[in-house]
Amino acid sequence: MASVMFLSRVQSAAPQQGARHFDHGPASPSRRTASKRRGSGTARRLSVEQIFAWTGERPLANTVADTDAHWPPRSRMDPVVLPEWPPQNSPAVKRAIPLLRGMELDPNTLASDDLCHLLLEIFTAAGLPQELADDLDRVRRLILAVRDLMFDNAYHNFAHVFDVTQTSFAIAHKTGMLARMTAWERTALLVAALCHDLEHPGVSSVFLSKVSEDLSSVYKTTHLEKHHAQRCLELLVDTNVGLLAGISAERYWAFRNDVYRCILATDISRHSQFIASATASVAALREDPAAEVDTKLAMELIIKCADISNVLKPFPIMRRWGLRVTDEFF
């Protein structure tokens, strides 16, 4: 979920012409139809009619054009059909690499193919387990699959999941947690960040819980986050992706649990719970500085902070995200 804490800052700077007013930037993934339905070659944007067809309610007026995006999602994903890994010939990638460990990178100014290459750079820089480091095609296939599953929303799109992945990497690096985590934990954090909004329909979990009995019957709470997590777990075992092929059952379940916990940590309704946990953890460390840091809690806090980190970015970047999130939700 995107934070709305920055709305007051955005309103004073937002243009007053037209309802859909965000600036996509010169090479925005949204404008490039980066997220496509598998094999269709067309952008995947949900219309309001498609969302309300699930709920039985009347559609709103002035909706966006119909596309072939499928909502509600199928109970299980179709097998992933992946395109070729894009060639790397963009100078923008070389300029962006030094920014990966900070808060100054704006993915809305980069092309979708560039984001794919930068994501691979993040995974390798973080330190992959040997099984993945020796076969980077596994990571490449995961990145392409995620891009394919993201809808072309104003905010919850491929650029957003890149932003959360990059910011998670930056926070983990700056706090020293990257070095404290095992290689599999680092990979779990980045995979969770990359997959934390898979198939986001562009409306909130609260909205869906109020208008959809079907959704509520599947997930009693944290509706969207559990859907994102479920889709992620399906990707992990998809034979066309093969990210975890050949690992032991013990390793698989540990990795799966880390990814699942991290994705559910992005549920904004659990904010107070995480504030209490973080406060207690800090108090314990103050009493005993030699105490072990709770790595699992740290991973959850990192991805949670990254998901609502727009307000930490330089104002031009924050403003662009603010306009996008208001355009999507309002």
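The values are calculated or read from the model by the stated rules, or taken from the named source; none is laboratory data. Keep in mind the model is a prediction, meaning the values are calculated, not measured. No Cβ is skipped: glycine too gets one built from the backbone with ideal geometry, and neighbour counts run over all protein chains shown. For accessibility, only protein heavy atoms count, side chains too; no ligands or nucleic acids. Shrake-Rupley method; radii C 1.70, N 1.55, O 1.52, S 1.80 Å.
Can you confirm whether T187 is in a helix (DSSP H, G or I), in contact (Cβ under 8 Å) with a residue 40 or more places away in the chain and either surrounded by fewer than 17 Cβ atoms within 10 Å (Cβ to Cβ) or in contact with a Pro (Cβ under 9 Å, 6 or more places away or on another chain) (or both)? Considered against the rule, which asks whether it is in a helix (DSSP H, G or I), in contact (Cβ under 8 Å) with a residue 40 or more places away in the chain and either surrounded by fewer than 17 Cβ atoms within 10 Å (Cβ to Cβ) or in contact with a Pro (Cβ under 9 Å, 6 or more places away or on another chain) (or both), T187 comes out as yes.
Filtering segment 130-151 to residues that are among the charged types (D, E, K, R) and in a helix (DSSP H, G or I) leaves E131, D137, R138, R140, R141, R147, D148. With respect to (1) in contact with a Lys or Arg (Cβ under 6 Å, 6 or more places away or on another chain); (2) farther than 19 Å from L323 by Cα, the lone exception for Y155 is condition (2).
Scanning for something open to solvent by 10 Å² or more (accessible area, probe 1.4 Å), under 22 Å from A96 (Cβ atoms) and not hydroxyl-bearing (S, T, Y), does segment 160-173 turn up at least one residue?
The answer is yes; a qualifying residue exists.
Rundown of residues vs (1) under 28 Å from L82 (Cβ atoms); (2) of a type in the set (G, A, S); (3) open to solvent by 40 Å² or more (accessible area, probe 1.4 Å), yes/no style:
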residue: K226; (1), (2), (3): yes, no, yes
residue: C232; (1), (2), (3): yes, no, no
residue: V241; (1), (2), (3): yes, no, no
residue: L244; (1), (2), (3): yes, no, no
residue: F255; (1), (2), (3): yes, no, no
residue: V259; (1), (2), (3): yes, no, no
residue: T266; (1), (2), (3): yes, no, no
residue: Q273; (1), (2), (3): no, no, yes
residue: T279; (1), (2), (3): no, no, yes
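If you check E121 against the conditions, is it charged (D, E, K, R), without any contact (Cβ under 8 Å) to a residue 40 or more places away in the chain and over 22 Å from L297 (Cβ atoms)? Yes: the conditions hold for E121. Within segment 290-329, if we keep just the residues that are of a type in the set (G, A, S) and free of Cβ contacts under 8 Å to residues at least 24 places away in the same chain, the residue that is most open to solvent (accessible area, probe 1.4 Å) turns out to be A290.
The set of residues from segment 177-233 being among the basic types (K, R) and at pLDDT below 90 comprises K210, K220, K226. A111 meets each of the listed conditions (1) in contact (Cβ under 8 Å) with a residue 60 or more places away in the chain; (2) buried (at least 24 other Cβ atoms within 10 Å of the Cβ); (3) over 29 Å from S248 (Cβ atoms) apart from (2). All told, D197 meets the bar of being under 19 Å from E300 (Cα atoms), outside any helix (DSSP H, G or I) and of a type outside the set (F, W, Y). For residues that are open to solvent by less than 10 Å² (accessible area, probe 1.4 Å) and in contact (Cβ under 8 Å) with a residue 60 or more places away in the chain, tally how many sit in segment 84-101. So the answer is 1. Count of segment 261-291 residues, restricted to those that are within 29 Å of the chain's Cα centre (by Cα) and not hydroxyl-bearing (S, T, Y), is 16.
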